[in-house]
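Any read-out appearing in this document is the output of simple, stated calculations on the displayed coordinates, not a laboratory observation. Note that the structure is predicted; figures quoted are calculated from it, not measured. Because the Cβ atoms are built from the backbone with ideal geometry, glycine has one as well, and the counts that use them run over all protein chains shown.
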Amino acid sequence: MRPIRAACLGTATTLIALLAGAPVTAAATDNDSAQAKGGDRVITVIGHLAQQTRYPVNPNGPAAQGDRTVVRSELFDKYDKKHVGWTHGTCTTTLAEENGGVEECIVTYVLPGGQLTVQGLVFGILTNGQPTLPPPSFDNAITGGTEKFDRARGQVHADTIGPGKRRFTIDLDR
């Protein structure tokens, strides 16, 4: 398959998997956040799309089940000032509807102290058969981690906040 490069932030930057444990920086920790549940730790990071490549099943045709997107992002603290890590992930289209569609995404967040893995579905990925812009918000599960995040569980919420830019709110269960 021949890759198609896209300049927009793909849903794979979705998740693209996150943190769980020690603070990345004091500025990235939101323990007072309204989204924090009793005893949970909330970490907010900003992702900047660094690279995205699409591998379509039908290079000259419509979106199809099996289309893949590979993404890499740079992560910054919640103030978008200090570099704190990266994301690396893939998304596979599981339902290609003209207006809707679904991707299954698996993403790893590389942070100080370890890695977080995130997995889940992203809905509403297509509009008129093309990638939805801006990409939809999503919630995915934290499925594990390494080092300081070795027992990580919780969820990640992602919102597009600008071209090629997402806010990831990582809610770690204690």
Study note, to complete from the structure: With a Förster distance of 25 angstrom and the Cβ-Cβ distance between Asp159 and Lys82, calculated FRET efficiency to the nearest 0.05 equals 0.80
Review point. What does the highest-first list of 116-122, 139-145 look like by mean Cβ count within 10 Å?
Key: 116-122, 139-145
Check your understanding: chymotrypsin sites (Phe, Trp or Tyr not before Pro) within region 70-122: which are DSSP loop residues with at most 13 other Cβ atoms inside 10 Å?
Key -> Tyr79
Study note, to complete from the structure: Other residues with Cβ under 11 Å from the Cβ of Ala50 give, with Lys and Arg +1 and Asp and Glu -1, a net charge of 0
Review point. Which loop GluC sites (Glu not before Pro) in region 56-126, with loop taken from DSSP, have no more than 16 other Cβ atoms within 10 angstrom of their Cβ?
Key: Glu97, Glu98
Point to revise | Label point distance in nm, Glu74-Thr143, each placed 7 Å from Cα along Cα→Cβ | key: 2.9 nm
Exercise for review: Sticking with the crude label model, points 7 Å out along Cα→Cβ, report the distance from Gln51 to Gln130 in nm, one decimal please.
Suggested key: 2.6 nm
Check your understanding: Which length gain, in nm to one decimal place, applies between Asp150 and Asp173 when the Cα-Cα distance is subtracted from 0.36 nm times their residue separation?
Key -> 7.0 nm
Point to revise | Thr94 versus Asn58: modelled label distance in nm, points set 7 Å from Cα along the beta carbon direction | key: 2.1 nm
